[in-house]
1. Search segment 125-152 for residues being acidic (Asp, Glu) and surrounded by fewer than 23 Cβ atoms within 10 Å (Cβ to Cβ), and hand back the single one that is farthest from residue 84 (Cα to Cα).
2. Condition (residue is over 23 Å from residue 220 (Cα atoms) and assigned to a loop (DSSP other than H, G, I, E, B)) applied to segment 30-40: is it met by at least one residue?
3. Do any strands (runs of 3 or more DSSP E) entirely within segment 166-238 hold 2 or more residues that are of a type in the set (Gly, Ala, Ser), and if so, which?
4. Tell me the residue from 183, 218, 214 that is open to solvent by 40 Å² or more (accessible area, probe 1.4 Å), in contact with a strand residue (DSSP E or B) (Cβ under 6 Å, 6 or more places away or on another chain) and assigned by the TED database to the domain that holds residue 132, please.
5. Exactly one condition in (1) closer than 16 Å to residue 182 by Cβ; (2) at pLDDT below 95 is false for residue 135; which is it?
6. Give 192, 233 a once-over and let me know the one that is open to solvent by 50 Å² or more (accessible area, probe 1.4 Å), within 21 Å of the chain's Cα centre (by Cα) and closer than 24 Å to residue 39 by Cβ.
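The values are calculated or read from the model by the stated rules, or taken from the named source; none is laboratory data. Computed from a predicted model, the values in this text were never measured in an experiment. So basically every Cβ, Gly included, is an ideal-geometry build from the backbone, and we count neighbours across all protein chains shown. Protein only, heavy atoms only, side chains kept; ligands, DNA and RNA dropped before computing areas. Shrake-Rupley method; radii C 1.70, N 1.55, O 1.52, S 1.80 Å.
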Amino acid sequence: MGLTAWELTRSDPVSRSVGLIDGRPRTSSAQRSRRLVTAQVAGIGPDLAGAGYVEMLKDLLAGGANLVRMDCRSVGWHLVPSLGLQNGVMDWREGAVELVWQAEDGAVMWADGRGMHGAPVVFRGWSALRVEGLPGGMTVARPGDLISITDGAATERSRVMAVTRSDAVGVATIRTRDAFTLSGLVSIGGTESIVFEVAGDMPRAVQPVSANWSYDFSLREVFADEYPDGWTERDPWH
């Protein structure tokens, strides 16, 4: 589908009350945090197939009874140059046997991208990662960017808090929304896989004779533990 507009935001419903004795306001979480998406999809799209894909997706969603998984980019995805800072851990195998590489200080992780390594620090009173192996003297992270770190066995993820520029030798301290506990291979940017339900009615659009048109989807994040019977995922297009 051809995406022409995109909103990824977060909803944190709260409950507010005022104490009867002291008159002080109190705020508490009322429901769990969820991501909300507004996606505007072109009617023409690649291969002149946008509207067709939309209508078939609507058919599969069955009026909202079913769910959809999306790979969501950060809020500032448009016009931001790709620096190739997404990493994954490579597994080496001989047949069914996993091969483990060793160095003097322990196991070696192989990355399928740029070898960026980081460790948690506190920067100006805020949680951060100190990352080495970045391209030198460049803006390497922006607010809202997904950032993750893995030690090969576990992975932790958070979001970047501020525009961050690396120094001349490719080192940067990146402030993050959440504190990390792991040290290891770092990945910046990329997408986060999220499951949504359609919020409200399915979109409709009228096709003009000589111009593009669009469908507006409103989506709300859902979680596996909200479905006691579980769910089965199917991909009709790959």
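1. Let us first name the residues in segment 125-152 that are acidic (Asp, Glu), namely 132, 145, 151.
Of the ones still in play, those that are also surrounded by fewer than 23 Cβ atoms within 10 Å (Cβ to Cβ) are 132, 151.
Working: 132: 15, 151: 20 Å.
Filtering segment 125-152 for residues that are acidic (Asp, Glu) and surrounded by fewer than 23 Cβ atoms within 10 Å (Cβ to Cβ), the one farthest from residue 84 (Cα to Cα) comes out as 151.
2. As a first pass, look at segment 30-40 and keep what is over 23 Å from residue 220 (Cα atoms): none.
Within segment 30-40, none of the residues are over 23 Å from residue 220 (Cα atoms) and assigned to a loop (DSSP other than H, G, I, E, B).
3. On the way: elements: 172-175, 184-188, 192-198, 214-221.
Filter on segment 166-238 gives 184-188, 214-221.
4. Just one listed residue meets the conditions, 183.
5. Residue 135 satisfies every listed condition except (1).
6. Working: 192 fails: open to solvent by 50 Å² or more (accessible area, probe 1.4 Å).
The conditions single out 233.
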